[in-house]
Structures are given as C-alpha cells and as structure tokens.
1. Sticking with the crude label model, points 7 Å out along Cα→Cβ, report the distance from Glu45 to Ile83 in nm, one decimal please.
2. Springs between alpha-carbon atoms under 10 Å, Gaussian network over the chain: tell me which of Arg73, Arg56, Arg12 tops the mean-square fluctuations.
3. Any idea what the alpha-carbon Rg over 2.2 N^0.38 Å comes to for the chain?
4. Would you calculate, for the chain, the mean residue ellipticity at 222 nm contributed by helices, counting each DSSP H stretch of 4 or more residues as -39,500 (n - 2.57) and dividing by all residues, to the nearest 500?
5. Run the simple label-point estimate for Arg56 and Glu9 please: 7 Å along Cα→C-beta, distance reported in nm.
Amino acid sequence: MKQLTEQKECDRCKKATNAFTMSWFNEDYICMTCNDEEEKHPDFEFAKNVEVAYTRQGNTNYPGVGYPGKDGRISEELKQALIEELDL
C-alpha cells in the first residue's frame with residue numbers, strides 16, 4: 001500500500017488533489033468530492049459499520065467490503081456473511 005504522503009491524485013477519479021480521506025469501502029485514498037459521493041451510496045452505512053466492527057475486534061488492517069462502483073451494490077451474500085460473522 002502506498003503512503004499518503006506519496007499520494008498526488010485521487011485513487012477513484014484520478015484528479016490531482018492534496019486533500020484526501022480513506023474510503024470506507026476499500027483502501028483507496030479519495031478526494032473530498034469522491035468522499036461526498038461515497039457518503040451518498042446506499043451501502044455506505046453498511047460498509048462503515050463493518051469497518052467499525054472489525055476495528056473493535058482489533059483488526060485495524062481490514063481492507064473493506066470492496067467498492068461496488070457508484071451505481072453498484074454489495075452482494076446480499078456478502079452482506080449476510082458479514083452480518084453473521086460480526087453480529088451486526
């Protein structure tokens with residue numbers, strides 16, 4: 001994984017920027033515009049809850065549920081497996 005200090009462009013939209021945050025869906029460093037879009041995604045709260053649950057278990061290196069794309073969705077099978085595993 002690259003270091004944030006080496007980052008010059010958004011992993012998602014590829015636009016040059018110097019302001020980043022990490023995606024809740026995966027390990028992408030994303031610009032604030034992409035972050036705003038991510039927060040509108042219908043699976044955003046689920047992805048965030050999964051990340052928080054893994055962190056509470058001590059797993060601070062969880063890579064995320066995967067970004068399904070702006071119009072994609074996390075599969076119901078993956079959701080159910082994570083709900084059972086993490087007691088969500």
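Throughout, read-outs are computed from the coordinates displayed, never taken from laboratory work. What you are looking at is a predicted structure, and each value in this text was computed from that prediction instead of being measured. Cβ atoms come from the backbone with ideal geometry, glycine included; neighbour counts cover every protein chain shown.
1. Simple spin-label model gives 1.4 nm for this pair.
2. Ranking Arg73, Arg56, Arg12 by mean-square fluctuation puts Arg56 first.
3. Details: Rg = 13.5 Å, N = 88, 2.2 N^0.38 = 12.1 Å.
My calculation over the Cα atoms of the chain gives 1.12.
4. Details: 3 runs with 33 residues, N = 88.
Only helices count here, giving -11500 deg cm²/dmol.
5. If labels sit at Arg56 and Glu9, their model points lie 3.9 nm apart.
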